[in-house]
1. Among the trypsin sites (Lys or Arg not before Pro) in segment 179-229, which ones are in a DSSP loop with at most 15 other Cβ atoms within 10 Å of the Cβ? Mind listing them?
2. Check each of the chymotrypsin sites (Phe, Trp or Tyr not before Pro) in segment 134-216 and keep only those in coil by DSSP with at most 12 other C-beta atoms within 10 angstrom; list them in order.
3. What ³J(HN,Hα) values, in whole Hz, does the Karplus curve 6.51 cos²θ - 1.76 cosθ + 1.60 give for segment 148-165 when θ = phi - 60°, with x put for Gly and Pro?
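What follows is calculated from the coordinates using simple rules that are stated; it is not laboratory data. This one's a predicted model, so the numbers in the text were calculated from it and none came from an experiment. Cβ sites come from the backbone with ideal geometry, for glycine too, and all protein chains shown count toward neighbours.
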Amino acid sequence: MDYQQEQTQELEVLESIYPDELTVINNNFPNTQFEVKLPLDLVPLDSSSFTADSLTKDHWIVINIRFSETYPDVVPTVSIECEEAKKAGVADDDSDNDNDNDSEDDSEVEYDDHGNPLISKLSNLPDEVSFEDHVRALESQVESQANDDMLIGMQMTFALVSWLKESCERFFQEQLAELEHEHERRLAAREKEEQKKFHGTKVTRESYLEWRARFREETGRNERDAARKKDAHGGKLTGRQIFEQGLDGSEDAEEE
């Protein structure tokens, strides 16, 4: 196989496929090197509560590819970088006045009746997806992917670039779904805690008797009644006085 001819032909094909996205870094065999900068088409799953318009940033992957002397009989060396930028028309959050920023941020956060910030208003989940760790993992999977797809010995760059792009777009959907699931879990937990505020402690006979005994002890009723009964049995109170002061047990009956 004429490796130089194979690499030259493949690079020409790639330049026709990616006329604006491909930049040649070194065109000298056997050190051919170039990079392809591709925009990611990030579309949430149909089950998501977000849409592509929810994103305030555009994302790209920059794939750096270097052919070795015996490519395509070996896998090319691949490294990947991520880039992002605010979408056109989206206001920048930066401001020269930090105090103004603080007041603006506070005004954007909504609170419930108890002063708790509403979780659903705190962030735009699609913008929280990060690709850095994922592309590092992809770099280590390039060789196995080429072997799995039986690309060794063939011009494989287009297939690998397509796989990398699709993998990042699929990763976005999966990560967003996980973030939404966690978001819903936090909302449910918050709602459960809020509901507890509207439910008192269930009263049973045992809990009532325990409360009654503690109440009588704290208010000194036990000592007072004991003193009154002692006076009554000592002949110092009439039957009418015993009844009026509740020493005949009628007060306890009313409490129960």
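1. Numbers: sites: Arg185, Arg186, Arg190, Lys192, Lys196, Lys197, Lys202, Arg205, Arg212, Arg214, Arg216, Arg221, Arg224, Arg228, Lys229; in loops: Lys197, Lys202.
Sites meeting the loop and neighbour criteria: Lys197, Lys202.
2. On the way: sites: Phe158, Trp163, Phe171, Phe172, Phe198, Tyr208, Trp211, Phe215; in loops: Phe198.
Within segment 134-216, the qualifying chymotrypsin sites (Phe, Trp or Tyr not before Pro) (loop, at most 12 other Cβ atoms within 10 Å) are Phe198.
3. 4, 8, 6, 9, 4, x, 10, 6, 10, 4, 4, 5, 5, 5, 5, 5, 4, 5
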